[in-house]
Amino acid sequence: MRLALRHPALAALTLFTAIVALARLPTLRAPLLNDTGQYLYVGRVMLDGGTPYADAANNKGPLTYLLFALLELPGGIHPVFYRVALIVFAGLAALAVAGYAEHYAGRAAGLLAGVSLALLSGTAALQGSDTNTEQFGIAPMTGAWYLATRGTTRTAAAAGALASAAVLMNVAFAVVLPFVAWELWRAAPAARRARPLLIASAGAAAVALPFVLWLLAAGALDDFAAQVLGRAGGAATGPGSALASGLQSGAGTAHLTGVRFLLDVRAGTLWVAGLLGCAIAAHDARARPAAVATGLWIVLAWLRVKLPSYELPHQSYPALPAIAVGLSLGVATLWQPATGRRVALAAVVLVLVAWPTVVAPMWEAAVDPPWERAGQSYPLMEQYPVARFIEAHTAPSDRIIVSGAWSQLYWLADRRAPTRFFDHEVSQHDAGEATERRRDLLARPPRAIVSMPPEPLEPDLRWLLPRAPYRLAYDLRGTRIWLRS
């Protein structure tokens, strides 16, 4: 109790982090997935003196690889460490949204917002337990959002720095920039509203400039532009995107307003609940600015999911902070002054939204046998004996190539690829990059070629097999490894 009185922020962070941990207990030991394997591979290339994009191609921002390189130093190949780190990041994000909601609707609403995000951060439908950029990235996003409301020089600079850090992790996180700018503008006196924006811009530049200079000095800035900015632009407006598909079909943008298109979103109950909370809170003059901003955040997060040429579960994850704030603002607008009624209403809302999205999936995972839990099933568990086989039959200096979405094998086996396009997914969207990958593979045939189900062996690797003296050395349950003599 003394700790709570003297250090309320620390007490709140402890509470939120504990809730995050409880919501993820069944998945703490789950193996890491392919996207995380990519980030760890590029991070290891950095630790070996290489540069992202030039020496290891990928489509995330450079801060992502620095983060995972730093996490690997103490974490090694133990997935539990990375999931515990994610729990800390989620706790910090919950603390930030609590501060934001408290600023507009009072301490009780702030506490509810923090508890809501801490609980909803484990939403199974949005891969809440996955160690991806979205799950880590909400911490700097929400930190910038909250600090922008404080109205001081230091917090304005910190808000800009955190917003810049978020974008340097994943360019899609630029969605936070208008909301940070709006809060900075509102928090300043009318006569000096440009000043906090300039200070925040300086804070953002202080974080971004070292990365730009580093990539420029390493000759990787053009690769960054092609792999990160070019890929993001192509996904948003290129062939296969919702906008391009509508124009090509002759329907224009009419399909964007169709009921099926609008409502077909993962964990749709959460999105509707968040927007409903914003609509209710908009009737309260004090909470209205936050309700409008939060509702727009949810809408922009929805657009980010629906408009690109592909839709993945974790892409919806950045909507959760706004959903948590929207819920808390709506409940705070409705509840009566009596403490018992407040607690009852908040509990009912949390149960209704969290039970089907977080509690029920985690309960099912907890009662399942360990080998059937999320992330523990075959073929994910197969990667460990495969990595041990590669380690035993290749030298540390040997290069290997992994077919399909199994980049974590490079990390587990501590081996490098003979080409910067170590993951087929990265190069398949560009003909020039695909040609470079085939040329690298032929010039330096890897010591081992690895194929794991359910994906078949890539065409490039089927093409390579007869051109070098490979022999099938491992064939078990659909997993195959060819070694070059």
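The values are calculated or read from the model by the stated rules, or taken from the named source; none is laboratory data. All of these numbers come straight from a predicted model, not from anything done at the bench. As a convention, Cβ positions derive from the backbone with ideal geometry for all residues, glycine included, and neighbour counts pool all protein chains shown. The area values use the complete protein model at the heavy-atom level, side chains included, leaving out ligands, DNA and RNA. Shrake-Rupley method; radii C 1.70, N 1.55, O 1.52, S 1.80 Å.
Roughly speaking, what is the centre-to-centre gap between segment 469-485 and segment 52-76 when only Cα atoms are used, to the nearest Å? Rounded to whole Å, the Cα centres lie 30 Å apart.
Is the chain rounded, prolate or oblate when judged by the Cα gyration tensor, a ≥ b ≥ c being the square roots of its eigenvalues, rounded requiring a/c under 1.5 and prolate requiring a/b larger than b/c?
prolate
The listed peptides 133-144, 22-33, ordered by packing as a protection proxy, come out as 133-144, 22-33 (highest mean of other Cβ atoms within 10 Å first). If you sort the three axes of the alpha carbon gyration tensor as a ≥ b ≥ c, you get a/c of 1.5 or more for segment 100-185 and a/b no higher than b/c, which makes it oblate.
Probing with 1.4 Å while keeping every protein chain in the model, the per residue accessible area of the chain equals 43 Å². When the solvent-accessible area of the chain is split by element, carbon and sulfur atoms take up 65 percent of it, the probe being 1.4 Å. Among beta bridges identified by DSSP and lying wholly in the chain, the antiparallel ones come to about 65 percent. On the basis of the beta-carbon distance and an R0 of 25 Å, residue 435 and residue 218 show a calculated FRET efficiency of 0.60. Net charge in the neighbourhood of residue 75 (other residues with Cβ under 15 Å of its Cβ; Lys, Arg +1, Asp, Glu -1) is +1.
Peptides 208-216, 36-44, 182-190, 399-407 ranked from most to least packed give 36-44, 399-407, 182-190, 208-216, packing being the mean of other C-beta atoms within 10 angstrom over each peptide's residues. Adding -39500 (n - 2.57) for every DSSP H run of four residues or longer, then dividing by how many residues the chain holds, sets the calculated 222 nm ellipticity at -19000 deg cm²/dmol. Charge tally around residue 148: other residues with Cβ under 9 Å, Lys/Arg +1 each, Asp/Glu -1 each, net +1.
Pull out a ≥ b ≥ c, the square roots of the eigenvalues of the alpha-carbon gyration tensor of segment 93-240, then state rounded if a/c is under 1.5, prolate if not and a/b is larger than b/c, and oblate in the remaining case.
On the way: a/c = 2.20, a/b = 1.22, b/c = 1.80.
Because a/c hits 1.5 or more and a/b fails to exceed b/c, segment 93-240 counts as oblate.
Let me know the Kirkwood hydrodynamic radius for segment 396-482, please, with Cα pairs as the basis and the value in Å to one decimal.
Evaluated on segment 396-482, it is 13.0 Å.
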